[in-house]
1. For chain B, what does the helix formula give at 222 nm: sum of -39500 (n - 2.57) over DSSP H segments with n ≥ 4, over the residue count, nearest 500 deg cm²/dmol?
2. Could you pull the copy-to-copy label distances for residue A:84, with points set 7 Å along Cα to Cβ, in nm to one decimal and sorted shortest first?
3. If you take the charge dipole of chain B about its Cα centre, with +1 on Lys and Arg Cβ and -1 on Asp and Glu Cβ, which of B:33, B:123, B:175 is farthest toward its positive end?
4. Report, for residue A:109, each distance to the same residue's label point in the other copies, shortest first and in nm; define the point 7 Å along Cα→Cβ.
5. Show me the three semi-axes of the equivalent ellipsoid for the protein assembly as shown, from the C-alpha gyration tensor (sqrt of 5 times each eigenvalue), largest first, rounded to whole Å.
6. Rounding to the nearest 20 debye, state how big the charge dipole of the stretch B:51-179 is about its Cα centre with +1 on each Lys and Arg Cβ and -1 on each Asp and Glu Cβ.
7. Placing the label point 7 Å from Cα along the Cα-to-Cβ direction, what are the distances from residue A:159 to the equivalent spots in the other copies, shortest first, in nm to one decimal?
8. Averaged across orientations, what area in nm² does the convex hull of the alpha carbons in the stretch A:54-179 project?
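The values are calculated or read from the model by the stated rules, or taken from the named source; none is laboratory data. What you see is a predicted model; the values in this text were computed from it and never measured. So basically every Cβ, Gly included, is an ideal-geometry build from the backbone, and we count neighbours across all protein chains shown. Ligands, DNA and RNA are stripped out before the accessible areas are found, and what is left, the full protein with its side chains, is counted by its heavy atoms. Shrake-Rupley method; radii C 1.70, N 1.55, O 1.52, S 1.80 Å.
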Protein chains: 2
Amino acid sequence: MTTRDTILQAALERFARVGYLGSSIQQIADDVGTSKSSVLYHFDSKEALLEAAMAPALDAMESLIDALPELRHEHTAAAPGLVTRFVDTLMAHSAAISIFISQRGALQGVPAIERANAIVDAIARTLVLEAPTPRVLTRLSIGLAGVAFILGDTLSTEHDHLDPHEMRAIFIETLLELSSTGEDA
Amino acid sequence: MTTRDTILQAALERFARVGYLGSSIQQIADDVGTSKSSVLYHFDSKEALLEAAMAPALDAMESLIDALPELRHEHTAAAPGLVTRFVDTLMAHSAAISIFISQRGALQGVPAIERANAIVDAIARTLVLEAPTPRVLTRLSIGLAGVAFILGDTLSTEHDHLDPHEMRAIFIETLLELSSTGEDA
DNA sequence: TCGACTTCTGACCGATCGGTCAGTACGATG
DNA sequence: CATCGTACTGACCGATCGGTCAGAAGTCGA
């Protein structure tokens, strides 16, 4: 693996664990055994480093949005296939997702976070088309935020976590349940 | 209101909006129209300020825990009364709750956060007694984290949010649903 | 052998951080 | 009037922050 990729990985992990503001370039350099100057050679700034670290996750989410219109006419409400793909994408990029969820308030104005905000808006916009009640939307927000939070938690704590497959199943099932109207069918 | 209380309120709001690490004592002083030295006169340190700002929320949560054993034998699973009280407490202290939820990773070792961690552990411990499956526990975590996240979001963004009463009802209903075994009764 | 390019480093910069300290203004108390 | 405690302030401190820069070391093709 190239030095650049090593830095990218260490930065993503550290940003997720102790926060972007709580991480210094020096600490990231120490993590990978290089110098602060080396980090700033590969990336123009700390912000650029964050952007590069989050890019794969944002790319994946954007391509999921592009595929969303084709997936949703499968059912009127959220289709199981859509939710499954969503959960898989979240879990594949849990570090970046966790950074966005818990730090987007503190990082307003940072390009990478603004891009992620736009993605969330796009998701909400397409969901609103088929889930007009604020009730279902709120329920879905609870579910998505909760799932994202737990993913971040598994990264930053060494608690005993249940195995990823079980977690995945619970996530999918719970999100589907929350995306239904609620009371009963 | 005393200067001390004004500082406390401004600090709580700022910590919730842009993060503890993203807030400087100078900025908080500017918010209330006083000097950095004045803030440090009323509070020994930035950490002490955080602790004092979060204390009311933590006190409320602790007293809720104390009342928990008496409330739970009402039903085997989470009782509606318990959930309602829980949601009300969360909403009454949304700023402090939001700080804990989204920044406890970055603030490990800070006394106020350690105290909050202990509270969460206590809640989990009492819940485990009656909800032994990791499945229900995960579902509850999703719900609680999701609710807490939304509360923080309403503070830090100027989005159009639905009215608190509606939100409260959805929170309670959703949490009760998630605390059930799932599939059906 | 000679540049040219990439990778990387240590020295250094101004700004800001949390925190200390000596001192000031002032109302209450004797 | 003198004294004391409370509230508050500006000057200052060392440390760390993100970022710049000149140059060293190694690897190329010409």
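1. Taken over chain B, the calculation gives -24500 deg cm²/dmol.
2. Values, ascending and in nm: 4.1.
3. Checking the options against the dipole of chain B, the answer is B:33.
4. Result for residue A:109, in nm, nearest copy first: 2.8.
5. Value: 31, 29, 19 Å, ordered largest first.
6. 440 debye
7. Inter-copy label distances (nm, one decimal, shortest first): 2.4.
8. 7.6 nm²
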